[in-house]
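See below for the structure under consideration.
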Amino acid sequence: RPQCAKPSGGTAPGEHQAMFNAAYQVGGPACTVKTVEKMSGVRMDHYLEVDFKGFEKFVDELGGVDVTTHRAIKDTSSHLSLSAGKHTLKGEQALALVRTRHGVGDGSDLGRIQLQQTFIKALIHRAESIGVVSNPARAYELADTATKTVSADSNLASADKLLGLAKDLKNISPDHMNMITLPVRYDTQDTGRVLPLTQASHQVWQALRHDRPIPKSATDNSVAARTDSPVSTDT
């Protein structure tokens, strides 16, 4: 993690092999962005930050999100209990799904990340199905809700600017989105943590920097690729 300014004042010195989420704890969104840029060599122009309540409200505003579970999921920590099959998740249940980890995969954050990636696709499918972009009034209504439920950098923090972003992305369907987790291995000194696979991570960042497809071989040996998500989009 690079050196970062603290929101309360002062500077947090850089740290070697810091936990990634420590960047947010130390310096908020600005430090998180700076850390991603340091790791990737890719400039981040904007960020969106969604808290729990905002997430619930936005999902409810969409009328829920459709997913299919391939087996039952039960996690007492996130209060999630879903049978196998198709579900329309409203805000509270959707939040429980993207927060759960004990009921999926090996119980680590890697399984939770898979769920979050699948849910993002499902959310975009939902927005497409109700014609958000093709219905200006509905689109503005959702964008206005988003300004009240998410935090963004100053160049993106308005309904008009969020609508502009949505229009720029409207031709990229969820079926053409490929989401991956940074290739990692378990830390032999602490199995509760993971470390990037150096060469494979380099392949990922290089592909993104040059706007090229990420080679499948980059993720083949990652522990994040060992389990399949128990949830898929319901299309």
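Every number in this text was worked out from the coordinates using simple rules, so none of it is lab data. In this text the structure is predicted, and so the values were computed from the model without any measurement. Note: ideal-geometry Cβ built from the backbone for every residue, glycine included; neighbour counts use all protein chains shown.
Maximal additional length on extending the SER134-GLN189 stretch stands at 14.6 nm, based on 0.36 nm per residue less the C-alpha distance. A protection proxy built from the mean count of other Cβ atoms within 10 Å ranks the segments 146-152, 12-18, most packed first, as 146-152, 12-18. For the range 46-151, what D do you get in µm² per second when you plug the Kirkwood radius from alpha-carbon pairs into Stokes-Einstein at 37 °C and 0.692 mPa s? D = 228 µm²/s. With θ taken as phi - 60° and the Karplus curve 6.51 cos²θ - 1.76 cosθ + 1.60 applied, the whole-hertz 3J(HN,Hα) list for the range 112-121 is 5, 4, 4, 4, 5, 5, 5, 5, 4, 5 Hz, x standing for glycine and proline. Note on the range 116-214: Lys pairs 8 or more places apart or on different chains, Cα atoms under 19 Å apart, count 4.
Local charge for ILE73 was computed over the other residues whose Cβ lies under 14 Å away, with Lys and Arg +1 and Asp and Glu -1, and equals +4.
Mind jotting down the distance between the C-alpha centroids of the range 64-78 and the range 1-56, whole Å? Using only Cα atoms to place each centre, the spacing works out to 30 Å. Note: the range 1-62, Cα convex hull, 107 Å³ per residue.
Inter-label distance, HIS176 to ARG212: 2.1 nm, where each label sits 7 Å from its Cα along the C-beta direction.
Of the Cα atoms belonging to the range 103-147, the radius of gyration and Dmax stand at 14.8, 44 Å. A simple spin-label model places the labels of THR147 and GLU15 3.7 nm from each other, with each point 7 Å out along Cα-to-Cβ. Averaging over all projection directions, the Cα-based convex hull of the chain occupies 13.6 nm² in the image plane.
The helix-based estimate of mean residue ellipticity at 222 nm for the chain, built from -39,500 (n - 2.57) per DSSP H run of four or more residues and divided by its residue count, is -13000 deg cm²/dmol to the nearest 500.
Based on the convex hull around the alpha carbon atoms, the range 106-207 presents an average projected area of 8.9 nm².
Taking a virtual spin label 7 Å from the Cα of LYS6 along the C-beta vector, which residues in the range 22-49 bring their backbone nitrogen under 13 Å of it? Hits in the range 22-49 for LYS6 at 13 Å: 25-28. Near the amide H of HIS102, within less than 5 Å, lie no amide hydrogens of residues on another chain or at least 5 residues away, with H placed in the peptide plane.
Using a basic spin-label model with each label point 7 Å from the Cα along Cα→Cβ, how many nm lie between ARG226 and ARG43? Label at ARG226, label at ARG43, 3.9 nm between them.
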